[in-house]
Structures are given as C-alpha cells and as structure tokens.
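Worksheet: one structure, shown below.
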Amino acid sequence: MIGAARKRSQQRTFLTHAQLKEEHQMIYEMCRKFADEELAPNAKKWDKDHSFPTDAIRQLSDLGLMGINVSDDNGGSGLDALAYAIAMEEISRGCASVGVIMSAHNSLYLWPIDKYGTPEQKEQFVTPYASPPSDDSAKLMVGCFGLSEPGNGSDAGAASTTAKLDGDFYIINGTKAWITNAYEASAAVVFATTDKSLKHKGISAFIVPTDTPGFSLGAKEDKIGIRASSTANLIMEDVRIPSSYLLGKPGEGFKIAMSTLDGGRIGVAGQALGIASASIDCAAKYALERKAFGKPIADLYAIQSKLSKMVSSRDAARLLTWRAATMKDAGEKFVREAAMAKLAASEASTFCAHQAMQVLGGMGYVSDMPAERHYRDARITEIYEGTSEIQHLVIAGDILKEYKSK
C-alpha cells in the first residue's frame, strides 16, 4: 500500500500550460501556431462551402497529428493521451471541423485497431493511416467509425447490422448513421451482430475497406455546425470481407466500442475546450475594441462578469480533461473521469459560445464575426460520442458501484 501511494504521489499533476513537461509544451506551441496561421484564417470559408480541408489535414499528418498516439513502430508519433488532449484543444480553437476530423480518425479509427488488432491488421490499416503521405500525389488515408445506426444512437448494444460467417469470409449487411469522415475514409471500423441470441455480447468488430463491393455512402448530412467535415450513412449490402478482418475476437465488439468511446471522450473534450477558447478569444477582443457610453464595453461589470464565468468554466473543464488523460496514461481506470471531462467541456463550450454572442450583441448574430460559427459548432459536442444524458448515466453508475462495494 505504501508503495502504491508513493507511486501515485510521483505522478505529477499539471494545472497550467507553464507546468507541462517540455514535450507537451512543444505540442501546445506547435498546434497553437498552426491553428493561428493555417486554420483560423480559413475556417470561415471551409464552413461556408462545406468543403473538406484536405490541405490542412495533410499538414496535420505531416506534423504527426494524424497518428499522435500510435507507436513509432506503426508509423505514429508515439505521444500520450495528455499530448492528444492538448493538441485537440488548440487545433479545434482554430477550426472545430478540423478538430473533429482529427478526433474521429485518431480516437475512433486508429485506437481500436492499434489496441486490439493483429500485427497484420496494424500493418495494413494503421501504419498507412498514421504516417504522412509519402509525397504530394499520394492519397491521404483517413479512417472512420461505424457504431450508430438509424434505429439506435445511445443504445449501442442494439446493432441491427449483421455479419454472417461464410467460409473464410464475413458477409455484412446494414446501415451505420452519422459517420464522421464518411466521404474521405478509406476504411471503417464497423460493429455488427454475429450472434443475435447473445444480445450485446453477440456484437463483433470488423475492419471494412470502403472500396469493397457492396459498400456505399448515403447523402452528406446538411449540418448546422462542423460543416467542413463530412457526415453520412455507411450502407453495406452483402459486403464480403476476409475473416482476417475481424477485430479482436467474436463477441468482443461491444467491449471494443465502449473502450474506444472512453478514450474518444477525451478527444471530444479537447475539441469542446477549443471551441470554448475560440469563443473567449472572440468575446474578449471585441469587448476591448467596442466602445459604448464613451468607453470600451470591457469596462462594464456585465461584460466582465460574462468573461469571468466563461474562463472559469473553460479552465475547470480543462482540468477535468487533463486529469482523465493523465489517468489514462498512468494505466488507471478512467471511465468516470473521461465522462466527467466530456460532460463539463461540452457544457462549457456551449456556454462560452452563447455568452460570446451576448457580448457581441448584433455582431454575434452575423457571419462577419466567428461567434455564430462557434455557437453552431459547439452544440454537437453535447451530442456525439455519448450525449450529456449518457455521460450522467456513466458517472452516476460508477459512483453507485463504488458505494455498493463499501
């Protein structure tokens, strides 16, 4: 017990960016510079045109951010979850759409294959996706994650998509809904029922190349926010894949999905923090420049109160996010902490975006200023990768389990 306590005391707690280790500070500064110079100036156009920011994503790959947690052996940067959370906030501060593209690729596609995949699967479906394209003409490899369906969202165990074993192949039929990166993905992690009688224990995970015959996409969703990322249905009609594309063991799909989402919530928390930070930047700068009653509105108590509440909510959520990431890096159980981080950060994001619009007044309601885009982008963070209501269930369930064991 004393040894365990000593080990925990040696785990450093980071409260500010200045206290971060050198490698984390370097990630922070690199991502912040990239966001300011390459993302923020183009975010408005990408959003307006609903255009996938291909060049920006290629640059992310060159920076090692499209394989940030993947080991060096498999073409990635080999960095930890805290580095990922820091990077996600800064990238999303520049453009929330770029943030969600990066998050879905790293958290939802690469992580489960890197964690549960065979060496052969990693060589085929991780290394080319985590590594930068060899040259400008090489294809940018992006992945996606197919869990939700038209008939189920929060009920992940009710998968109607099926996979039937036929010799050395699986035949998959079904539709996956709300899939980020759908139109750009070269492969998808797909969850399908292999034994309906076992309910959620009869769900398995598969790696499905998107050029497989029978695989098609639905129309792009016309979203109110994160519009530079593509979202669409994955439609599979007699999609035939080798049995070697089974990820993990038969029946482990639900476990793989839940563990993937636990880590993914740290990424979404980072994205939400980035939107909150962008909203704070917008509001504070405007308050200093805008004059009313003969002085900057930043001198007014009402405005100062809003800014104070915005930064307090953002910083509190950041601490929860860094705690979850640090616990994950330490190999500790972090399910509750990830849910708390995602819940707090997404609510801080929507709160900060709303308050920024109030600070800007009429200017917050027009596209001349980025406040309205932050407002639209923020809303989804309370919905995907587990709604706020689901986060409360996860948190409360873990609390009650703890007390029942006493």
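Results, tabulated for the structure shown:
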read-out	value
Flag for LYS223 being in a strand (DSSP E or B), of a type in the set (Lys, Arg) and open to solvent by less than 60 Å² (accessible area, probe 1.4 Å)	no
LYS309 being free of Cβ contacts under 8 Å to residues at least 24 places away in the same chain, open to solvent by 20 Å² or more (accessible area, probe 1.4 Å) and farther than 16 Å from GLN271 by Cβ	no
Near pairs, Cβ below 6 angstrom, 6+ apart or cross-chain, from region 176-202 (without any contact (Cβ under 8 Å) to a residue 12 or more places away in the chain and open to solvent by less than 10 Å² (accessible area, probe 1.4 Å)) to any residue that is of a type outside the set (Asp, Glu) and in a helix (DSSP H, G or I)	none
Verdict on SER313 being of a type in the set (Gly, Ala, Ser) and modelled with pLDDT under 95	no
Residue in region 245-261 that is open to solvent by 10 Å² or more (accessible area, probe 1.4 Å) and within 30 Å of LYS45 (Cβ to Cβ) present	no
Identity of the residue in region 102-148, assigned to a helix (DSSP H, G or I) and among the acidic types (Asp, Glu), that ends up farthest from SER243 (Cα to Cα)	ASP114
Single residue of GLU347, GLU372 found to be charged (D, E, K, R), at pLDDT 95 or above, part of a helix (DSSP H, G or I) and over 26 Å from LEU108 (Cα atoms)	GLU372
Residue that is most open to solvent (accessible area, probe 1.4 Å) [pool: residues in region 351-396 that are under 21 Å from GLU337 (Cβ atoms) and of a type in the set (Val, Ile, Thr)]	ILE383
Of all residues in region 102-144 being under 13 Å from the mean Cα position of the chain (by Cα) and among the hydrophobic types (A, V, I, L, M, F, W, C), the one that is most open to solvent (accessible area, probe 1.4 Å)	TRP111
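The values are calculated or read from the model by the stated rules, or taken from the named source; none is laboratory data. None of the values given here were measured: they were computed from a predicted structure. Glycine gets a Cβ as well: all are built from the backbone with ideal geometry, and neighbour counts include every protein chain shown. These accessible areas exclude ligands, DNA and RNA; they are computed on the full protein's heavy atoms, side chains included. Shrake-Rupley method; radii C 1.70, N 1.55, O 1.52, S 1.80 Å.
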